[in-house]
1. Which order do peptides 63-75, 91-103 fall in by mean Cβ count within 10 Å, highest first?
2. Consider just the alpha-carbon atoms of segment 20-174 and return their Rg together with their Dmax, both in angstrom.
3. Which value results when the Cα radius of gyration for segment 26-107 is divided by 2.2 N^0.38 Å?
4. Once the Cβ-Cβ distance between residue 114 and residue 75 is put in as r, and R0 is 35 Å, what FRET efficiency do you end up with, to the nearest 0.05?
5. Let me check the size of segment 115-161 from its C-alpha atoms; what are the radius of gyration and Dmax in Å?
Amino acid sequence: MEKAGEETPKKKKRSKPKNRLPKNKKVKFTDEAGLAYELEKKQAIFCAEYVVDLNGTQAAIRAGYSPHTAQVQASDLLTRPMVKKRVDELLKAKQAVRDLTADRIIQELMRIAFGDTRKIVKFESGKIQVTDSDKLSEDEAAMISEISQKSGNVSEKKVKFHSKEKALELLARHMGLLKDSDSRGFSGIVFVGQGEDISKV
């Protein structure tokens with residue numbers, strides 16, 4: 001029982017989580033032309049999930065749509081102009097990352113294949129001189145795979161370079177200049193030029 005003069009404690013209202021977005025929350029985007037457009041939150045999530053594996057049904061489920069209607073929802077979403085637009089943008093961005101990664105790999109292989117080791121290690125009067133690391137360019141530093149130094153009665157420095165032969169082989173494969181075997185089943189690396197294939201001579 002409540003005693004006279006005592007107030008009944010008020011129940012505190014439960015506050016909604018701050019990170020909970022309304023169901024009709026719109027997500028804004030800007031296309032390459034600078035034009036703004038909007039998608040519902042679930043539609044935006046669907047677009048991001050779809051470009052992962054290009055599986056519409058699974059993308060719809062991961063975006064929060066019912067598994068029972070996910071296939072129908074995915075088909076419907078992919079026909080909507082703004083959804084298609086967002087998907088195309090994401091696929092284009094994904095491809096750009098792949099191209100950038102490929103270009104970077106080719107650039108690094110070219111540094112190894114065509115770099116001049118004389119700019120790093122010099123032979124003068126029977127002595128070996130190693131260029132200080134802070135004086136090396138990015139192209140020159142990329143040729144080095146390992147640097148070590150042993151201390152003792154005689155100080156020993158070791159500079160190991162990446163394999164030029166391997167870098168050239170990988171570049172040649174990328175350019176379609178090499179193949180692993182000929183039509184008669186002989187294994188080995190063969191250069192393929194515009195003229196006669198020497199592997200068939």
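None of the figures in this text is laboratory data; all of them are computed from the coordinates on show. Note that the coordinates shown come from a computational prediction; the quantities given were computed from them, not determined experimentally. Positions of Cβ are generated from backbone atoms using ideal geometry, with glycine treated the same way; all protein chains shown enter the neighbour counts.
1. So the peptides 63-75, 91-103, ranked by packing, come out 63-75, 91-103.
2. According to the Cα coordinates of segment 20-174, Rg and Dmax are 26.7, 81 Å.
3. 1.22
4. The formula returns an efficiency of 0.10 here.
5. For segment 115-161, the Cα-based Rg and Dmax read 11.3, 34 Å.
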